[in-house]
Structure formats: C-alpha cells, structure tokens
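K.L.:
Here it is, the structure, as structure tokens.
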Amino acid sequence: MSVRATEAVSFPWEDNDDVKAAQAAEIPLSVAWLGRTSTDDQQDPTLSLPRQLRSSRNALPAGSLIVAHFYDVESGRMDLEARGRGHAHEAFDIPISRDGGIQDLLAEAKRPDRRFAAVICESIERVARRTYFGTKVEYELEQAGVMLLAADEPLPQLRRPSDGRSRKQATPMLTRRVKQAVSEWYVLQTLELAWDGTCEHTEQGWNTGKACYGYRNDRLPHPVAAKRAEGKTKSRLVPHPAEGPTVTYIFLLRVVHRLGYDTIADRLNLDPQTYPPPTPTNPQRALGRWSGSAVREILCNPKYTGYMVWNRRASKKGGKNNPPSEWVWSPRPTHEPLVTKEVYQKAARIAQSRQGSPVTTNPTRQPKTWHTYALRAFVVCDACGRRMQGNPKKKNLYYVCKPDKREHEDRRDWYARHPKSVWVREDHLLDHLQEFFANRVFGAERLRALRARLADDAPKQESAVQRAKRQILDVEKRQNNVLLQIEDYVPTGDDEIDQDFRRRLQQRYAELGQARKARIAELAALEEEEQPDADQTLLDKLPRLRICLRSLSDDLRRRLFDAFHLEVRYRADTNEVSIKITVKADNVSAITDLADAISGPSEPRALSSTEATRVTRARPRAAVRPSKAVPSATVESVYPLPKPYSRRAQPAQT
C-alpha cells in the first residue's frame, strides 16, 4: 500500500544515501526481512514465519522489494552474542529461503556492498524480547545507515521535507519504546506466573515429568474439566515394587559400608534381576547395566525422603545443578519415602568427605603419580574441615592443606585464621594408628578405656540438653507473665496510652514466641545429634589379635579403615591428631571377616569377591519406614605429634 506524505512519520534514517539514490533513479527500495519464532512459545515455525513475511510485505510502500530473508527459530530472550547461531530451523520444513540469522544480517549491514537499504520485521519484539538487545540491534543498524522498520508501526517518509522543518521523531520513538517495554513486561509476568504455578504444583506433591528411579507415576484425572476431557492427568509418586528396595539398598551400601559410586554399581551388576538398572528417558541411550553416575544420581536425589523437590537443575543452562538453597520443597512429605532424611543427609556428608578420592587400590591412570597414600580420604584438617591431600617432600609422604585464596577468601569464615599451609607426615600418623588399633580396638584393655570415655562425656551431653529444656521453660514462663499483665490491666481511660500498652505487650509476646521456637529447634538438633546409648558389648564382640598396619596390603588396610569408619583429624594449632572409629552392630560381621583375613596363616590378603559380597549382599527390606538408630560404640583418642614440617604461625590472608 502507498503512504501519503502528510500521513507518514519521520525516522532518523532519512539521510540514508541508498534511499536518496533510489528516489533519484526511481528504482525499487531493497529491503531485508527479519523474522523470529520460538518453539518454547508453542508456535509452529512453518505457519508463523510465512505469516510474519506476508505482514511485512503488505506494510511496505509501493516500489519496495524484499531481497533477503533472515530468520531464526530461537528464544528472543537470549543474549545477542548467542543469537542466530542455532540450528533449530533445520528441523522444520519452512517454505522460505534463508539467507542467515540475525548475526548474518548485522554482518551484511556493515558491508559497503550490502543488498538492502532497510530492514523490516512484523513487530519490534520479533527483533528481541529484551529491550536492551532490541535497541542495540536498532542502534547498530542505524550506525550502518540501515533503517529498522516494523509492519505494525507507521512507516517513515522517504523524502526530506522541502520546507526545512525538523522531522518529528519523539512520539514515534516513544511509541516503539513503550511497545518494547510492554513486550518485555508481558514475558516476565508470564514467566513469574508460570514459576509460581510450578512451585505450588510441587508443594502440593505433584510430580513433573518422568518418575525418578525407585518410583512410578500414579496418574490421576486432571482436576480441570477441560483438560480432563483431553485425557490429561496429574501424577503422584508411588514406590516401584522392584526399584524401591534397590534404592534403599544403595543408601545402605553408601551410609553403612561407605562404598564409592563405582563399587556400588559393581555390586548391583552382580544381580541385575534383583537390582534392575535404570532406564533413561531415551531408551536408545540405555546401558543395560549400573554405572557410577547412575548411583550418584540416586544418592543425590532428595525425593527419596518423601518430599517433592523441584528446580534441582537449571533447564536453560545446560542442566547445570542449582545450589540447594534454590530448590523448591514441599512443606511436608507427599509420597512414601524410601529412606529417612537422616540417612539422606549422612550420604550427602559422605560425598563431601570423599569427593575426588579414589575408592580402590587399582593402579592410577594419572601418569605423574608415583606414590600411594595409605590414608588418602581419611585425614581431615581440623581448622577448615576439608580433606587433606597427599604430597611428597624430602623423601617423606605428607598430607597437606593449602587454602586457595581465589576460592576461599571472603567466602569462608575460617579462612582468616587458617594457616597458609598445614603439613603432617604420614609415618607419624601411621605410628599412632598402629598404637590405636593395637590397644584401643583389638587390645585387652579396650573395653575399660571405652567405659572411661563414656563416663567423662555423659554429663556434658546431658547438660546441653537440659540447658535447652530449662531455657524453653523459662521463655514459657515469661509468656505467661505477659498474658497475665494483659488480663490484669486496668484501662487508664486514654485510648492512645491503652493501645500503646497493648501493642507493646503483644510485640513482647511475639518476641518471646520466636525465642521459644528457636530454643525448640536447638533442642531438636541436640537430640538428633545425640548418639544412641553406646553398646559397650559391641567392642567386646570384636576379636583380639595382633595387628601391624604397615605389613597389611593397601587393599586390606583400606577395607579395615572403611569398616571402622575411621576419622583422622589433624589440629595444627596444638599439633595433635584425633583418631576416631565407630563400631556399628550391623557391621560387626564385616569386621570379623576382615580380622580373619588379617590373622590368617598365610600372608595378609585382600577379601575375595565372595567374601566382600557376602557382607553386604543381604536382600534389602521393602519396608521404608524410619527405623531406630543402629547401636554403636565410638572409640576416640588424641595423640601429640613431633614438630611438623610447616610454618604454622603464618596466616593465610595477606
């Protein structure tokens, strides 16, 4: 259609030399078309893009010709640098020849031999859904001398006014900016509403997508009649008869026996009928067996605690894991749990303590590794709680803790007081471990030492819990006093004074209520951390034997440390090492088998596959109800060390 001069609107691109040349020669105005559609908006590119092209062509004045077609199938909210580089358009049979994407359009616009003098789109939001990127594209085209037109906006006049008056561009620019702002607001509002809806969907216990391993989807009719008529459903999780016990068994191997991901996968692959391997969403990618990554995915999934959880991964960032603070949890359990919260938290703590540490004694694949460290993954720096790493120095093996300034400064409360580097020799630790296992674990006086430690620790644990209970009672008494003051209050007759008095009493009561909730939470934490009554007879059930840790094979020594849940903490400030082991009732048989292997007539050997499997191959129980804590006995000793190879007085911060 043609546009009369009196009805046209002026834009700042009328000084374009290509436009003036076309006017003088009365040749058609060459225009490039820019289109975009997003599959995330549930649009059909084979219909949307032709419609955009037709709308743009109809808006052009007579004598104009579209000479190039640039379009993309992607989100308009992407960064401009990432735009126009995808291949989503190749999945559709779009009946429009494509000269490239938005990046190709900007590149050609800067060339002196470009084919077009203007660019037209259906609407300005087709350029970008973010106002910043939309105006940036408009500015880059303007600097190249190319007009950016929109089919739903008044087109600029192509001839310069003969009377010399200024071109009116303030109102058209305001109109375009308002449209861009409204477009961006609409997208943000839609995303926010969709996000809140998904959060509510999660809090009500509904599952999204495929059920995780161990569960199956129990599909229920959709509560909305229209969607129910279309056959749509909503899903809740129910335990799978075969996969559910497998999940419980995996957590048992991780928490009780502290096995690594690959080791657990090897155990499960011994009986794939009892422990069926997981099937991915795409069956063609199925391995047909268990892998370490599959085991890790199960141990990291909090849905097995009975709570519905969403937003563990960022769907638009390549599946990157979000921090737990950004997860959306249901306020209460919504489906039957396969493990308790306590077991899940213990598995997570094991993952943090063993991160990056090999779990077998097989030869390492690292070409620069020349040493095998007997205590790898067992030695922890007490100053920061991080695992210490092996490092050879002057013909000795050391365990070292060196905080990284780039990673820990300003993000860790312990960094300022942490030494620059902490070193402790392996042979010194092994000497004390030899004494500890020979006397406190397998020696004749082990039970007497354990009873003495329990007698010393019992009053401390009891006083902490009792102190919290007394504080709760004290706060409750104060609340009762506030209520009595409200009841016994005699009005003064001044409404302002009376209202202020009641308001202050209510505020004080609310403060005491918050304090009471905090004390109750503290008491619950103390009671949760409180270990079950130590079964002193557990230690006496262990065999007595003479043991030499240095003469054991690395594999057998490592199995021994794992069976006892060994913890070695080095305290750099006092130059002491704390050695702690825990004997659990359900692990006594495994320790006994290890002791038999150590005290055998032949040289110390590693457990065979049959022996190693017999300890933990008991079929898991289908019941998933929380059980009482397993009785255990803990033995701990502190030993002084010789002068360390370290300058401990130097702080880490500069």
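The values are calculated or read from the model by the stated rules, or taken from the named source; none is laboratory data. The shown structure was predicted, so the numbers you read here are calculated from the model rather than taken from an experiment. Neighbour counts run over all protein chains shown; Cβ positions are idealised from the backbone, glycine included. Only protein heavy atoms, including side chains, enter the accessible area calculation; ligands, DNA and RNA are left aside. Shrake-Rupley method; radii C 1.70, N 1.55, O 1.52, S 1.80 Å.
K.L.:
In square nanometres, what is the average projected area of the Cα convex hull of the stretch 58-153? Numbers along the way, then the final one.
P.N.:
Working: hull surface 26.0 nm².
Projected over every direction and averaged, the Cα hull of the stretch 58-153 covers 6.5 nm².
K.L.:
How do the peptides 478-487, 567-576 rank, highest first, by the average count of neighbouring beta carbon atoms within 10 Å per residue? All intermediate terms of the calculation are to be shown ahead of the outcome.
P.N.:
Values: 478-487: 13.3, 567-576: 17.1.
Top to bottom by mean Cβ count within 10 Å: 567-576, 478-487.
K.L.:
Then there is this: Can you pull the one-decimal nm distance between simple spin-label points at ASP596 and ARG54, each 7 Å off the Cα toward Cβ?
P.N.:
It is 8.3 nm.
K.L.:
Same structure again: Using the basic label-point model (7 angstrom from Cα toward the beta carbon), what is the CYS199 to CYS300 distance in nanometres?
P.N.:
2.4 nm
K.L.:
Ok, one more. At a 1.4 Å probe, what is the % contribution of carbon and sulfur to the accessible area of the stretch 248-309? Don't jump to the answer; show the numbers that get you there.
P.N.:
On the way: 1300 of 2720 Å².
Exposed carbon and sulfur together represent 48 percent of the surface.
K.L.:
Given H placed 1.01 Å from N in the peptide plane, which residues other than close sequence neighbours of LEU397 have an amide H under 5 Å from its amide H?
P.N.:
GLU426, ASP427
K.L.:
Continuing with the same structure: If the chain between ARG504 and GLN284 were fully stretched, how many nm would it gain, using 0.36 nm times the residue separation less the Cα-Cα distance? Please report the intermediate quantities before stating the final value.
P.N.:
On the way: separation 220, 0.36 × 220 = 79.20 nm, distance 6.74 nm.
Once the chain is fully extended between ARG504 and GLN284, it gains 72.5 nm.
K.L.:
On a full-extension model of 0.36 nm per residue, what is the gain between ASP586 and GLN43, subtracting their alpha-carbon distance, rounded to one decimal in nm?
P.N.:
Numbers: separation 543, 0.36 × 543 = 195.48 nm, distance 5.83 nm.
Taking 0.36 nm per residue and subtracting the Cα distance, the gain is 189.7 nm.
K.L.:
Hey, quick one: spin label on ARG478, modelled 7 Å out along Cα-Cβ, who in the stretch 489-517 has an amide N within reach, i.e. under 20 Å?
P.N.:
501-517
K.L.:
Show me the ranking of peptides 544-552, 303-311 by mean Cβ neighbours inside 10 Å, starting with the highest.
P.N.:
303-311, 544-552
K.L.:
Moving on. Counting only the heavy atoms of the protein chains, how much of ASP500 is accessible to a 1.4 Å probe, in Å² to the nearest 10?
P.N.:
Its heavy atoms expose roughly 50 Å² to the probe.
K.L.:
So for each of 334-341, 634-641 I average, over its residues, the number of other beta carbons within 10 Å; can you give me the resulting order with the highest mean first? Before the final figure, lay out each step's value.
P.N.:
Numbers: 334-341: 20.2, 634-641: 15.6.
Order by mean packing, descending: 334-341, 634-641.
K.L.:
What percent does the relative contact order of the stretch 133-248 come to when contacts are Cα pairs within less than 8 Å and at least six residues apart? Mind showing how you got there, number by number?
P.N.:
Working: 70 pairs, mean separation 19.7, N = 116.
The value is 17 percent.
K.L.:
Rounded to the nearest 0.05, what FRET efficiency is calculated for GLN143 and ASP404 with R0 set to 56 Å and r the Cβ-Cβ distance? Don't skip to the end; give the middle numbers.
P.N.:
Details: r = 44 Å, r/R0 = 0.79.
Efficiency computed from Cβ-Cβ geometry: 0.80.
K.L.:
Also, I was wondering about something else. In whole Å, what is the distance between the alpha-carbon centres of the stretch 75-100 and the stretch 245-277?
P.N.:
45 Å
K.L.:
Residue separation times 0.36 nm, minus the C-alpha to C-alpha distance between ALA444 and ASN391: what's the value? Please report the intermediate quantities before stating the final value.
P.N.:
Numbers: separation 53, 0.36 × 53 = 19.08 nm, distance 3.61 nm.
So the chain would gain 15.5 nm between ALA444 and ASN391.
K.L.:
Same structure again: With 25 Å as the limit, write out which pairs from LYS341/LYS584; LYS110/LYS179; LYS232/LYS341; LYS303/LYS469; LYS393/LYS420 have Cα-Cα distances beyond it, or answer none.
P.N.:
LYS110/LYS179; LYS232/LYS341; LYS303/LYS469, as the Cα separations exceed 25 Å there.
K.L.:
Next up: At q = 0.11, 0.27, 0.29 Å⁻¹, work out log10 I(q)/I(0) for the stretch 174-240 with the Debye formula, treating every Cα as an identical point scatterer and leaving solvent out; two decimals please.
P.N.:
Debye output, listed in q order: -0.44, -1.12, -1.16.
K.L.:
Working with all protein chains in place, sort THR135, THR246, THR537 by solvent-accessible area computed with a 1.4 Å probe, largest first.
P.N.:
Details: THR135 40, THR246 0, THR537 75 Å².
Result of the area sort, largest leading: THR537, THR135, THR246.
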